Amino acid sequence: MFHRFAHIRLLIALLAVVVSLAITATASGAFRPSGHARYAFASVDVSGPTTSTSNSFVDMAGMSVSITIGGTQHANLFIAFNAELNGCGPIYARAIVDSTVNIAAPGAALLFSHTGGGAESHGFTWSSTVGNGSHTVTIQWQDVDGCGVAFAGVRSLFVTANVY
């Protein structure tokens with residue numbers, strides 16, 4: 001019986017080593033996959049409020065991360081955004097990779113659609129494919145009606161890269 005548990009402990013230890021080789025740790029604002037890394041992760045969290053009165057897309061304060069994909073590798077990016085939102089009309093959000101020409105799929109998402117009450121937590125996930133080099137992922141938002149003020153409280157941006 002002791003030997004059976006020893007094999008299980010050895011298997012768990014080996015799995016821990018494999019996982020540590022496959023996943024890199026988070027870094028504030030940037031990550032650089034290297035070695036045998038297959039997945040990488042970057043995030044930013046902001047607790048202070050921000051507002052917008054723009055009825056066209058503008059960058060959301062604090063919602064941007066930079067990543068570097070090394071060598072000749074490419075990566076599938078999975079972009080997750082969550083925020084407390086409130087406003088007097090519909091609020092759209094979208095993820096931009098490097099420039100407004102490269103809008104992550106599936107495009108803009110309606111994250112807040114009604115007025116009244118307090119802020120509500122909303123989120124969405126986008127995807128994009130990038131080549132090697134440095135890339136910046138930014139969340140943009142739009143107060144569709146331009147009716148006064150769109151509000152975002154606590155918010156987070158998570159980018160996971162499947163490097164290949």
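Values in this text are rule-based calculations from the coordinates and carry no lab data. Everything quoted here is computed from the prediction, not taken from an experiment. FYI the Cβ positions are ideal-geometry reconstructions off the backbone, even for glycines, and counts take in every protein chain you see.
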What is the one condition in (1) of a type in the set (Val, Ile, Thr); (2) touching a residue at least 40 places away in the same chain (Cβ under 8 Å); (3) outside any strand (DSSP E or B) that ILE96 does not satisfy? (3)
Mind counting the residues in segment 117-155 that are among the small types (Gly, Ala, Ser), surrounded by fewer than 20 Cβ atoms within 10 Å (Cβ to Cβ) and under 13 Å from LEU85 (Cβ atoms)? 6
Only one of (1) within 17 Å of the chain's Cα centre (by Cα); (2) surrounded by 16 or more Cβ atoms within 10 Å (Cβ to Cβ) does not apply to ILE91, and that is (1)
Of the residues in segment 35-49, those that are under 18 Å from LEU85 (Cβ atoms) and surrounded by 17 or more Cβ atoms within 10 Å (Cβ to Cβ) come to VAL44, VAL46
